[in-house]
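Here is the structure we will look at, set down as structure tokens.
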Amino acid sequence: MSKKVLVLVEGQTEERFIKRVLNPYLASKDIFFIPTIIKTKKEIRGPDHKGGISSYNQVRRDLLPLFGDSSAHIITTMIDYYGLPSDFPGYNRRPTGSCFDRVRFLEDQFRININQPKFLPYLQLHEFEALIFASEEIIPRVFVDASTELTRVADINNNFSSPEEINDGPTTAPSKRLKSIFPSYQKTLHSQLILSRSNLDSLRSKCNHFNSWLNTIEN
């Protein structure tokens with residue numbers, strides 16, 4: 001029997017990653033993600049503007065209606081840990097220790113706040129772009145003739161135990177580092193070009209938190 005997974009995502013990049021990369025990868029296991037983008041503001045005319053989070057209420061408002069779908073096996077999220085709003089449950093009580101301890105604590109507080117048995121909260125450490133750093137060997141296929149830039153990517157990866165741990169602040173988070181190295185980097189474009197060529201099993205082996213999320217859904 002197929003497993004239907006509804007996932008609330010932060011923006012178009014995550015939506016496309018799920019549709020174009022994760023779903024084909026998981027189809028053989030009869031697991032199908034259906035993404036919904038968080039709505040951030042209403043336009044007087046035209047469609048809702050989507051992408052980005054400024055308050056926890058935005059997340060909760062768009063997440064709770066998903067539990068009305070009784071055919072869904074799991075309701076989950078794909079939201080960046082970096083840049084979470086300060087009103088997120090448990091945000092001001094995050095423990096000291098590793099980033100993995102902190103993100104698991106916030107996910108637990110998120111789960112308690114939503115209080116739904118089908119809910120599996122997932123926060124991406126530290127940003128979606130960690131998956132780009134985990135795809136270091138694919139980057140030359142997209143950014144050609146960039147040997148100096150690729151050396152900088154390798155140096156960053158070598159300074160951290162895993163791509164998920166790359167984050168030192170507002171100017172050195174993964175997305176900021178990529179933009180600094182590749183000024184032409186566009187998240188919605190280049191992330192898809194890179195990740196569509198990446199090996200998901202390799203990404204999972206390098207990104208433990210990402211892998212744990214998928215393991216839970218698979219099992």
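The values are calculated or read from the model by the stated rules, or taken from the named source; none is laboratory data. Small disclaimer: the values here were computed from a predicted structure and weren't measured. Positions of Cβ are backbone-derived with ideal geometry, glycine not excepted, and every protein chain shown enters the neighbour counts. Ligands, DNA and RNA are excluded from the accessible area calculation, which covers all protein heavy atoms including side chains. Shrake-Rupley method; radii C 1.70, N 1.55, O 1.52, S 1.80 Å.
When you look at residue 167, is it touching a Lys or Arg at 6+ places or on another chain (Cβ under 8 Å) and either surrounded by 15 or more Cβ atoms within 10 Å (Cβ to Cβ) or closer than 16 Å to residue 18 by Cβ (or both), yes or no?
no
Any residue at all in the range 57-80 that is at pLDDT below 95, open to solvent by less than 40 Å² (accessible area, probe 1.4 Å) and out of contact with any Gly (no Cβ under 7 Å at 6 or more places or on another chain)?
Scanning the range 57-80 turns up at least one residue that is at pLDDT below 95, open to solvent by less than 40 Å² (accessible area, probe 1.4 Å) and out of contact with any Gly (no Cβ under 7 Å at 6 or more places or on another chain).
Given the conditions (1) farther than 18 Å from residue 110 by Cβ; (2) at pLDDT 95 or above, which single one is not true for residue 50?
Result: residue 50 passes all but (2).
If you scan the range 185-219, which residues turn out to be touching a helix residue (DSSP H, G or I) at 6+ places or on another chain (Cβ under 8 Å), closer than 23 Å to residue 155 by Cα and not in a helix (DSSP H, G or I)?
Scanning the range 185-219 gives 185, 197, 198, 207.
How many residues does the range 81-108 hold that are surrounded by 13 or more Cβ atoms within 10 Å (Cβ to Cβ) and within 22 Å of residue 39 (Cα to Cα)?
Count: 10.
Which one is modelled with the lowest pLDDT among residues in the range 4-44 that are open to solvent by 40 Å² or more (accessible area, probe 1.4 Å) and assigned to a strand (DSSP E or B)?
The selected residue is 41.
Those residues that are within 15 Å of the chain's Cα centre (by Cα) and surrounded by 18 or more Cβ atoms within 10 Å (Cβ to Cβ), I need them from the range 195-208; list them, please.
Listed by number, the residues that qualify are 195, 203, 206, 207.
If the requirement is being over 26 Å from residue 35 (Cβ atoms) and either of a type in the set (A, V, I, L, M) or open to solvent by less than 20 Å² (accessible area, probe 1.4 Å) (or both), which of these qualifies: 130, 173, 154?
Numbers: 130 fails: over 26 Å from residue 35 (Cβ atoms); 173 fails: over 26 Å from residue 35 (Cβ atoms).
It is 154.
In this structure, is residue 152 free of Cβ contacts under 8 Å to residues at least 60 places away in the same chain and within 24 Å of residue 199 (Cβ to Cβ)?
Here the answer is yes, as residue 152 does meet what is asked.
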